[in-house]
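Read through the structure below, which is laid out as structure tokens, and then see the notes.
The values are calculated or read from the model by the stated rules, or taken from the named source; none is laboratory data. These numbers were taken from a predicted model, which means no experiment stands behind them. In this analysis, Cβ positions are derived from the backbone assuming ideal geometry, glycine residues included, and neighbour counts consider all displayed protein chains.
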Amino acid sequence: MEAGLNNLDRIGCELVAESVRAGHDVRVRVSGSSMLPTLWPGDELLVRAHGPAEPSRGELVLFVRDGRLCTHRLIGRLDGAGAAQLIMRGDTAIASDPPVAVSEILGTVASISRGGREVQISTSPAQKLISFGIRHSDFLRRAVLKIHSIRRRLWTD
């Protein structure tokens, strides 16, 4: 069963990637917790193709990594001998992702929908503090995810 799900994930990823590359906006649902508290599992993202311009530092960027869609924050840029590479990191991740080529970028997050309402894309001091706490405490990560799952159930009841 696991192989079947991996194939479906890969096919879905390819469909989303091709749609964004063709210039279409897409909606994707967050499943991970590496971007807490900016993005929560179940959030819906509206992603716009980035076009010819390179995304700006601090933007939430959608790219493909290991056959899966990934949304992390752009934190820097490496200018080497070849094409420029971008450095991404999840808000609660300790380490940055391996560099991403500009050509691998699918798009940037234009909006976030949570529980049927749009929420602001921001990095307030409070969010940065929560990210730091979650990054360094597995207990805090589990606690906030448990509280979030209870809140989501209340939203849908």
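Descriptive notes on the structure:
- Scan segment 44-56 for residues that are under 12 Å from the mean Cα position of the chain (by Cα) and either at pLDDT below 95 or among the small types (Gly, Ala, Ser) (or both) and the total you get is 0.
- Any chance residue 59 is closer than 26 Å to residue 11 by Cβ, of a type in the set (Asp, Glu) and at pLDDT 85 or above: no
- Residues within segment 112-144 that are surrounded by 15 or more Cβ atoms within 10 Å (Cβ to Cβ) and either without any contact (Cβ under 8 Å) to a residue 40 or more places away in the chain or not hydroxyl-bearing (Ser, Thr, Tyr) (or both), tallied: 10
- Taken residue by residue, segment 107-117 has at least one member that is farther than 30 Å from residue 53 by Cβ and either in contact with a Cys (Cβ under 7 Å, 6 or more places away or on another chain) or modelled with pLDDT under 90 (or both).
- Single residue of segment 18-40 satisfying the filter (over 10 Å from the mean Cα position of the chain (by Cα) and surrounded by fewer than 16 Cβ atoms within 10 Å (Cβ to Cβ)) that is nearest to residue 71 (Cα to Cα): 27
- Selection of segment 89-120 for residues being out of contact with any Ser or Thr (no Cβ under 7 Å at 6 or more places or on another chain) and hydrophobic (A, V, I, L, M, F, W, C) yields 94, 95, 100, 101, 102, 105, 106, 110, 112, 119.
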